[in-house]
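Right, one structure below, let's go through it.
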Amino acid sequence: MTWTFSALSPLVSMGVAAFLTVAPAAAQSSIELETVADGLSYPWSVAFLPEGGYLITERDGVLKHVDAAGGQTAVEGVPEVFAQGQGGLLDIALDPEFGTNGTIYLTFSQGSVEGAGTSLYKAVVATSPARGYALTGGETIFAGNNRSYGGRHFGSRLAFAPDGHLFMTIGERGEDERAQDPSDHAGSVLRLTRDGAPAPGNPFLERDGYRPEIWSIGHRNPQSAAIHPETGKLWTVEHGARGGDEVNIPEAGKNYGWPVISYGRHYSGGKIGEGTEKQGMEQPIHFWDPSIAPSGMAFVTGDTYPDWRGNLLVGALRGQHLARLELDGARVVAQEKQLGDLDERIRDVRQGPDGYIYVLTDSDDGRLIRLVPGSG
């Protein structure tokens, strides 16, 4: 066996948060859509292999290898998942040294007698002429205690920091108050070593009653995470309820408010918590009202999209578009909707090593789509 390894809509400021009035887009460089792979069953995340091709997770528990021509084969060795509601096989990330160690990381909803929670799986990708792609030596290296019955709010995204440690987001399982309990992984951002242990320097390593893996608390259901290419800081986007989707830059030991403060309302229309701000709780740098149901994000770098360089792209499930956020440092100053005519829920957004932006559409006939700049 061998190893291989446009016009932007104005913002109306509201303190440090803001909402948008979306105006029609003016002329800009066009975007052409190229389908790389179709027939995917509720794809959740994509990773790019250095030799070409893709690894794509499907929510029901299948990991697909997709070659450069769009051919698909299932990868053996994936953990058993709790595939119910929003649960299943979730995010995928390649180890920073994947080219030499072939290691990948998967988040998934893991069932147990205590209910299902969000877990992290580590394995090595191997190939052979007889077996194709397979995972070997796989093990669950972290299991969150956000266990509960039902299929809501598992999170979960992964992002490697410049220091090599791994950020992992976890949802609060639809049980709001758990996001304020530091002894509960639910509704938090974690910072782990590549073996799944609490990372050195975490804010609660020596604090009684706190989980040592936790980086920040007070999150609802973060399904987007990416490292800013210039600052090296983690950015996340999380679902609100009826409005109040948030962009945050989680800092060590900080509390991001859910469900005590929010810019949204309950699905019933009732007020959430104590309002929009409280001492000791952080404000988002941006929020949406009404909700777009965000999932997946990517910063745009390089020269492939000159009009978008430095922007943040966020997928919208309910909103069925790609949100392009123009940034001024850590402020969102304008937004434009993209891909609205696609009429698809956008689950993941990535910039590939080739410089192109890729999106995954969330359906039982999902697609991996490459965005190619046109001439006008």
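The values are calculated or read from the model by the stated rules, or taken from the named source; none is laboratory data. These numbers come from a predicted model, not from an experiment. Please note: Cβ atoms are built from the backbone with ideal geometry, for glycine as well, and neighbour counts cover all protein chains shown. For the accessible areas, the whole protein counts, side chains as well, though only heavy atoms, and no ligand, DNA or RNA atoms are used. Shrake-Rupley method; radii C 1.70, N 1.55, O 1.52, S 1.80 Å.
Can you confirm whether G117 is assigned to a loop (DSSP other than H, G, I, E, B) and surrounded by 21 or more Cβ atoms within 10 Å (Cβ to Cβ)?
So G117 does not fit the description; no.
Determine whether E58 is open to solvent by 20 Å² or more (accessible area, probe 1.4 Å) and either closer than 30 Å to A123 by Cβ or at pLDDT 95 or above (or both).
Working: open to solvent by 20 Å² or more (accessible area, probe 1.4 Å): no; either closer than 30 Å to A123 by Cβ or at pLDDT 95 or above (or both): yes.
No.
Sort out for me the strands (runs of 3 or more DSSP E) sitting completely within the stretch 295-354 that have 1 or more residues that are open to solvent by 20 Å² or more (accessible area, probe 1.4 Å). Talk me through it step by step, then tell me what you get.
Values: elements: 312-316, 321-328, 331-338, 346-351.
The qualifying strands (runs of 3 or more DSSP E) are 321-328, 331-338, 346-351.
I'd like to know if the stretch 193-213 contains one or more residues that are within 18 Å of the chain's Cα centre (by Cα) and in a strand (DSSP E or B). It would help to see each step written out before you state the result.
Start the filter on the stretch 193-213 by keeping residues that are within 18 Å of the chain's Cα centre (by Cα), which leaves none.
Checked the stretch 193-213: no residue is within 18 Å of the chain's Cα centre (by Cα) and in a strand (DSSP E or B).
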